[in-house]
Amino acid sequence: LNVKSFYMGGGTPTTLTADQMDRLLSKLEQNFDFGNLAELTIEAGRPDTIDEEKLRVLRAHNTTRVSINPQTMEDNVLAAIGRRHTADDIRRAMEQVRAAGFPHVNMDLIAGLPEDRVELVVGDICDADLLDRIVPGHDAIVHYAAESHNDNSIADPEPFLRTNVEGTFRLLEAVRKYGIRYHHVSTDEVYGDLALDDPAKFTEHTPYHPSSPYSSTKAASDMLVRAWTRTYGIHATISNCSNNYGPFQHVEKFIPRQITNILDGQRPKLYGKGLNVRDWIHTEDHSSGVWTILTKGRVGETYLIGADGERNNITVLRMILKMMGQAEDAFDWVKDRPGHDRRYAIDSTRLRTELGWTPRHTDFESGLAQTIEWYTENRAWWEPAKAATEERYKRQGQ
Ligand code: TDX
């Protein structure tokens, strides 16, 4: 049995000394029957536990690699390693991350998550060496790491090419190398837009027809996933979801921008005639859709995620104004977005009937009210990004 690596706090690999390694191995082998398992990765932050049942399943599948989490190991095994991953380790790693120039990393957000199950690695998705260190041994990778804002892609497309296309390519290569299940999070925007009076909705069979630099890079990344699935046989699924709303959304997006403008004493801004239609889904329903596909979906398939939430922008803005005690017309009309997609609408029949998924937040009005409440109560979370975002919009005449 060969212990490959040992990860500790913030994703920095810690090499065990030969002596620590010997002690660890002998403890492990005393406690467990590893059978034909040849390789072991021990990583903090992994939800896995090691027990006879898990080893029995792995042996039955002729697996040669297993990952375990030192936190969930027996105390005597931890003693053999000689180090424990503590809350302080995590806090220190977070401080280092911030000191290293990643001020956008929100410590409070991470601090609220179970410390023994979450490991934050801040890095560049295009960094193949980093991926080589952190990808091996995981059960699955869900790829959410995209540049996602249309207005930003219009002002400067280059980061979208790099993160969305090259980043996906790098992840796919890592997934191919280490044989890991992959789920690709994408958008309904790859299908282009629908006319306002068209009764049709997007389905898994709608041809790709992206309009913006952003959506064209997402379409390109979806194509890479399909090609890697067919050519190299990677185990991948894709989801294309409609517009998300809910807590923790960046203030550049439509709903949080308007809520935080009002909270800041500024007037909301509406593009064009306000008639563009978006199909709103609560972020928790998006997540449950992704989880359903990851755990039950057919490998090689695409599933659309949507909650039948079509509304035009002016309707949503008027709801926000009313809920926040403002006059119906207390907003500014601003320059339209170039190439502005008219309408998105998702038909999620496949996900619902084949995998039994249903959205939980079907009352948009109450979801919106909770979202307003969240932004009202969590000013410290969004305030650091607000001024720079509005400055960018101002330069664009929006
Ligand atoms: O201030 C604004 N005023 C306004 O009228 C902003 C920021 C937007 N809008 C309009 C443009 C769109 O019609 O509101 C609508 C929603 O805009 P965004 O929040 O920018 O979302 P959208 O462009 O529809 O794309 C979103 O949904 C699909 C996400 O940003 C994408 O990442 C996702 O793929």
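Per-structure values
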{"quantity": "Charge dipole magnitude, Cβ of K and R +1, D and E -1 - segment 223-278, Cα centre, debye nearest 20", "calculated": "220 debye"}
{"quantity": "Rounded if a/c under 1.5, otherwise prolate or oblate - segment 288-398, Cα gyration tensor axes", "calculated": "prolate"}
{"quantity": "Residues 376, 163 arranged by fewest to most Cβ contacts within 10 Å", "calculated": "376, 163"}
{"quantity": "Summed side-chain charge close to residue 297 - residues other than residue 297 whose Cβ falls under 14 Å, Lys, Arg +1, Asp, Glu -1", "calculated": "+2"}
{"quantity": "Residue order, fewest to most beta carbons within 10 Å, for 290, 118", "calculated": "118, 290"}
{"quantity": "Unsatisfied cross-links (Cα-Cα over 21 Å) in the set 269/335; 218/269; 253/394; 273/394; 253/335; 269/322", "calculated": "218/269"}
{"quantity": "Fewest-first ranking of 154, 259, using other Cβ atoms within 10 Å as the exposure measure", "calculated": "154, 259"}
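No lab work stands behind these numbers, since they all come straight from the coordinates. It should be emphasised that the depicted structure is a prediction, and the values quoted were computed from it without experimental measurement. Neighbour counts are summed over all protein chains in view; Cβ atoms, including those assigned to glycine, are modelled from backbone coordinates with ideal geometry.
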